[in-house]
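The values are calculated or read from the model by the stated rules, or taken from the named source; none is laboratory data. Treat the numbers as computed from the prediction; the structure is a model and nothing was measured. Cβ placement follows ideal geometry from the backbone for every residue including glycine, while neighbour counts extend to all protein chains displayed. Calculation scope for accessible area: heavy atoms of the full protein, side chains included, ligands and nucleic acids excluded. Shrake-Rupley method; radii C 1.70, N 1.55, O 1.52, S 1.80 Å.
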Amino acid sequence: MLDIRASDRILEIGAGSSPSAAYLAAGLRTGTLVVVDRSATAIARSAKKHAALLDSGRLHLVHADVPGPGTTALLRAAGGPFDRILACNVNLFWTRDADGGLAMVRELLAPGGILYLGYGYGGPDDPPESPKPAPDKLFGHLSAAGFDQRVAHAGDLLCVIATPRGGE
């Protein structure tokens, strides 16, 4: 679904210390993965878990709040603009005013870039039982921020795929 290319610049928002960094960076050759999280503890755990990726230069970890003062500049310096931006089970985009986060995402996306908002805790073959936002709520925030969107389902997983309106 993510269609990662070897040269992609990827930003993952709120990855914590999950194993997703290894998965996302696996296909990168000249591309980079930047992981941003507001938890210093999660960033420290991720640094230990993914030390080889950090040493290879394919992974950069950033401790910052999204959105937050100076976060856009930090993320641009770490590897932006980004071809793919991913956030899994990050409430920022649906539980409160999403305008600031989506404006930052829009600014950080490279031309032709794609935003993926994933929700769910099971697998693609599991029944859809975990709590997730209603896609219409996500669509409302995304549309107001100037994104076109579509939804993909696989078992217990929901993914909203968004692109800036007009192909920006």
**Request:** Classify region 1-93 as rounded, prolate or oblate from the Cα gyration tensor: take a ≥ b ≥ c as the square roots of its eigenvalues, call it rounded if a/c is under 1.5, otherwise prolate when a/b beats b/c and oblate if not.
**Result:** rounded
**Complete:** If exposed means trypsin sites (Lys or Arg not before Pro) lying in a DSSP loop and surrounded by at most 11 other beta carbons within 10 Å, then the longest stretch of the chain lacking such sites spans residues 97-168
**Request:** Provide the per-residue ³J(HN,Hα) series for region 150-164, in order, calculated from phi with Karplus coefficients 6.51, -1.76, 1.60 and θ = phi - 60°, each as a whole number of Hz, with x at glycine and proline positions.
**Result:** 9, 10, 10, 10, 8, x, 8, 9, 10, 10, 9, 10, 10, 10, x
**Message:** I need the calculated FRET efficiency for the pair Leu54 and His153, taking r as the beta carbon distance and R₀ as 35 Å, to the nearest 0.05.
**Reply:** 0.55
**Prompt:** How large is the accessible surface per residue of the chain, computed with a 1.4 Å probe and reported in Å² as a whole number?
**Reply:** 47 Å²
**Prompt:** If you plug each phi of region 60-76 into the Karplus form 6.51 cos²θ - 1.76 cosθ + 1.60 with θ = phi - 60°, what whole-Hz ³J(HN,Hα) values come out, in order, with x for Gly and Pro?
**Reply:** 10, 10, 10, 8, 6, 8, 10, x, x, x, x, 5, 4, 5, 4, 6, 4
**Message:** In the chain, if the dipole is taken from +1 on Lys/Arg beta carbons and -1 on Asp/Glu beta carbons about the Cα centre, which of Ala98, Val36, Tyr116 is farthest to the positive end?
**Reply:** Val36
**Asked** What chymotrypsin sites (Phe, Trp or Tyr not before Pro) in region 63-138 are in a loop by DSSP, with at most 15 other Cβ atoms within 10 Å of the Cβ?
**Response** Tyr121
**Request:** For Lys48, go through the aspartates and glutamates and keep the ones whose alpha-carbon is under 17 Å away, minus same-chain ones fewer than eight residues off.
**Result:** Asp37
**Request:** Mind checking the full-extension length gain between Asp99 and Met1? Use 0.36 nm per residue of separation minus the Cα-Cα distance, one decimal, nm.
**Result:** 32.7 nm
**Message:** So if each residue of separation counts as 0.36 nm, and I subtract the Cα-Cα distance between Ala47 and Lys137, what length gain in nm does that give?
**Reply:** 29.0 nm
**Asked** When the dipole is taken about the Cα centre of the chain, and only Lys, Arg (+1) and Asp, Glu (-1) are charged at their Cβ, what size is it in debye, to the nearest 20?
**Response** 420 debye
**Fill in**
On the accessible surface of the chain, probed at 1.4 Å with all protein chains in place, carbon and sulfur together account for a percent value of 55 percent
**Prompt:** By DSSP, what percent of the beta bridges with both residues in the chain are antiparallel, rounded to the nearest 5?
**Reply:** 40 percent
